[in-house]
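Peer 1: Below is a structure I'd like to ask you about.
The values are calculated or read from the model by the stated rules, or taken from the named source; none is laboratory data. Everything numeric in this text was worked out from a predicted model, so none of it was measured. All Cβ positions, glycine included, derive from the backbone under ideal geometry; neighbour counts span all protein chains shown. We work out accessible area using only protein heavy atoms, side chains counted, and drop any ligands, DNA or RNA first. Shrake-Rupley method; radii C 1.70, N 1.55, O 1.52, S 1.80 Å.
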Amino acid sequence: MTSKLTTQAQFDAFADDVARELGTHCRTADLTDYHRGLGRLIVDGDGRALRLTQPDDRHPDRLKIHAALPDETKMIAPSIGVTARSAQHVAREITRRLYPLHAEAAQQAAELTARQQAEESCRRAVAEAVAGALPGARIKEQCRRTRII
């Protein structure tokens, strides 16, 4: 049996049930930046966040669940589609399919951030050494570039 999710109140109650099924460490919150349909945010005690949405009101039983990453401009957040059969079904699919993808994406995002910070630090050190050797030179930072003027 599919849950009937046609109003935001019904969707909120369903999301609360999903959070309960995921564990006592989960809570829900408003999904403020979503305007295409019904949506709710699920946050767990480990700091993982999931955006539970119903993108198409013509198919109220179809849900999309996106893993939230700290900086989604650098990576595409993993997502799954699932049918809203029950809160237990949705929680099981999140645990089975999305959490492993979320962990992998979070690890990749951390590695990417560390690489970019190391690159920026090395670039800055080289620029400072060169600018120090040139009288009157100054450093100007740009997006992934350091200019010596």
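Peer 1: What number of residues in region 61-76 are over 18 Å from R96 (Cβ atoms) and open to solvent by less than 40 Å² (accessible area, probe 1.4 Å)?
Peer 2: 3
Peer 1: What number of residues within region 66-92 satisfy the criterion of being under 16 Å from L31 (Cβ atoms) and of a type in the set (V, I, T)?
Peer 2: 1
Peer 1: Oh, and also: Scan region 81-111 for residues that are crowded, with 17+ Cβ neighbours inside 10 Å and either in contact with a strand residue (DSSP E or B) (Cβ under 6 Å, 6 or more places away or on another chain) or in contact (Cβ under 8 Å) with a residue 60 or more places away in the chain (or both) and jot them down. So that I can check it myself, show each step before the final result.
Peer 2: From region 81-111, those crowded, with 17+ Cβ neighbours inside 10 Å are 82, 84, 87, 90-91, 93-94, 98-99, 102, 105-106, 109; that's our starting set.
Within region 81-111, V82, A84, A87, V90, A91, E93, I94, L98, H102 qualify.
Peer 1: Follow-up question, since we're still on this one. Does R147 qualify as being of a type in the set (K, R) and farther than 27 Å from R48 by Cβ?
Peer 2: Values: of a type in the set (K, R): yes; farther than 27 Å from R48 by Cβ: yes.
So R147 fits the description; yes.
Peer 1: For A87, only one of the following conditions fails: (1) closer than 17 Å to T6 by Cβ; (2) modelled with pLDDT under 90. What is its number?
Peer 2: Here A87 meets the rest and fails (2).
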